[in-house]
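The values are calculated or read from the model by the stated rules, or taken from the named source; none is laboratory data. In this text, all values refer to a predicted model and were calculated from it rather than measured experimentally. Cβ atoms come from the backbone with ideal geometry, glycine included; neighbour counts cover every protein chain shown.
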Amino acid sequence: MIVHEPVMVRQVLEVLDIRPGDTVLDCTLGEGGHTAHFLEKASCGIVIGIEQDEEVLARAKERFREQEDRFIPVQGNFSSLQKIVANHTGSQVDRIFFDLGISMYHFKESGRGFSFSKNEPLDMRLDRSRAMSAADVVNGFDEKKLAEIVWAYGEERFSNQIAAAIVRRRKLKQITMSKELADIVMEAVPKRFWPKSIHPATKTFQAVRIFVNDEIEILEKALRDGIDTLKEGGRMCVISFHSLEDRIVKSLFRELAKGCTCPPDFPVCVCGKRKVVKVLTKKPLIAQQEEVGVNPASRSARLRCALKLTNDAAFLASMKVTA
């Protein structure tokens with residue numbers, strides 16, 4: 001069994017600053033890599049762990065079976081985090097954590113076509129109850145829509161050529177295996193433009209996976225719901241692995257940290273907007289070279305953290321008074 005290695009553990013523990021007795025919401029539990037550190041090293045009170053894949057959740061349950069009094073596993077999606085928290089501990093928590101990466105289990109063991117290096121059924125659903133699989137997307141969407149998906153979610157410069165190649169191939173036969181899709185992409189991208197550090201199909205596979213699991217569309221709402229669910233003085237930490245996710249996190253944190261939008265010469269605030277958070281990471285934290293050497297998956301990780309302000313601090317900020 002392959003165990004997923006959590007990324008940037010030291011930085012996560014530092015910026016979350018978990019206190020004894022805190023309730024932590026791990027919105028992307030996986031096999032419990034980060035949660036293990038929350039329970040053990042950070043000595044938190046309770047961890048609520050959300051995981052949409054029932055097979056992965058079963059692994060986490062087994063891992064923490066001796067800590068069931070402090071660990072609450074929930075099968076679901078972080079889009080429902082407010083309801084999940086309300087059902088299990090009340091309305092608010094002390095710390096919230098998102099790791100937006102995909103578990104190694106999905107690439108190495110799930111058999112669902114996440115990896116372009118394996119020949120597996122083209123599925124890519126994290127939650128198998130979802131109606132649409134990767135095969136449905138690849139074989140059912142028209143060329144224009146396929147190109148839009150590959151460009152929007154993969155930022156692949158050859159999206160039009162890849163979409164056209166997919167449509168040509170599926171006229172001969174349905175594309176049902178991951179290796180088939182990888183080969184199509186490799187043929188569509190001119191060899192002289194193959195990236196040096198990643199497989200030519202990486203961005204296309206990323207794009208299809210994100211679309212199938214609706215990952216980007218639900219992220220901003222989940223982050224906003226998470227801030228609402230934090231107690232005053234609570235912290236939210238987010239690890240993203242590509243620019244689309246990181247831009248959403250960065251933009252939302254900046255918006256919520258901005259507060260008053262009145263002209264500088266106004267003596268008092270009249271817009272009524274208050275600062276909701278203080279951004280604790282002016283620039284995203286990245287993995288150290290030592291970690292990247294041991295865990296290459298950490299090389300693209302970007303960590304951002306925000307502190308939820310108290311009502312008094314937010315009010316003083318809106319009145320342009322320093323506490």
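Tabulated results
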read-out: Qualifying residues in the range 252-267 (those that are under 24 Å from Ile218 (Cβ atoms) and without any contact (Cβ under 8 Å) to a residue 24 or more places away in the chain) - the one nearest to the chain's Cα centre (by Cα); value: Glu255
read-out: Among the candidates Ser91, Ser43, residue that is among the hydroxyl-bearing types (Ser, Thr, Tyr), more than 25 Å from Glu215 (Cα to Cα) and either surrounded by fewer than 22 Cβ atoms within 10 Å (Cβ to Cβ) or touching a residue at least 60 places away in the same chain (Cβ under 8 Å) (or both); value: Ser43
read-out: Some residue of the range 96-117 being surrounded by 19 or more Cβ atoms within 10 Å (Cβ to Cβ), within 30 Å of Ala42 (Cα to Cα) and among the charged types (D, E, K, R); value: yes
read-out: Residues that are buried (at least 22 other Cβ atoms within 10 Å of the Cβ) and either in contact with a His (Cβ under 8 Å, 6 or more places away or on another chain) or aliphatic (A, V, I, L, M) (or both), drawn from the range 16-38; value: Leu16, Ile18, Val24, Leu25, Asp26, Leu29, Gly30, Glu31
read-out: Any pair with Cβ under 8 angstrom, 6 or more apart, that starts in the range 174-187 at a residue that is assigned by TED's automatic domain parsing to the domain that holds Gly140 and ends at one that is at pLDDT below 95 and among the hydroxyl-bearing types (Ser, Thr, Tyr); value: Ser178/Ser115; Ala182/Ser117
read-out: Some residue of the range 71-83 being out of contact with any strand residue (DSSP E or B) (no Cβ under 7 Å at 6 or more places or on another chain), outside any loop (DSSP other than H, G, I, E, B), among the charged types (D, E, K, R) and in the same structural domain as Ala287 (by TED's automatic domain parsing); value: yes
read-out: Any helices (runs of 4 or more DSSP H) falling wholly within the range 89-155 and containing at least 3 residues that are modelled with pLDDT of 95 or more; value: 134-140, 143-154
read-out: Residue among Ile162, Ile175, Ile166 that is β-branched (Val, Ile, Thr), farther than 30 Å from Asp22 by Cβ and not in a helix (DSSP H, G or I); value: Ile175
read-out: Considering residues of the range 180-228 that are of a type outside the set (A, V, I, L, M) and crowded, with 21+ Cβ neighbours inside 10 Å only, the residue farthest from Asp136 (Cα to Cα); value: Gly226
read-out: Some residue of the range 290-302 being part of a strand (DSSP E or B), within 27 Å of Gln11 (Cβ to Cβ) and in contact with a Ser or Thr (Cβ under 9 Å, 6 or more places away or on another chain); value: yes
read-out: Residue tally, condition hydrophobic (A, V, I, L, M, F, W, C) and either in contact with a His (Cβ under 6 Å, 6 or more places away or on another chain) or under 16 Å from Phe98 (Cβ atoms) (or both), over the range 1-15; value: 6
read-out: Yes/no for Asp142 being surrounded by 15 or more Cβ atoms within 10 Å (Cβ to Cβ) and not hydroxyl-bearing (Ser, Thr, Tyr); value: no
read-out: Residue check, Thr35 modelled with pLDDT of 95 or more and part of a loop (DSSP other than H, G, I, E, B); value: no
read-out: Residue match in the range 257-267 (condition: surrounded by fewer than 19 Cβ atoms within 10 Å (Cβ to Cβ) and within 26 Å of Ser300 (Cβ to Cβ)); value: yes
read-out: Selected residue [of a type in the set (A, V, I, L, M), closer than 15 Å to Ile102 by Cβ and over 17 Å from the mean Cα position of the chain (by Cα)] from Ile184, Ile210, Ile198, Ile175; value: Ile198
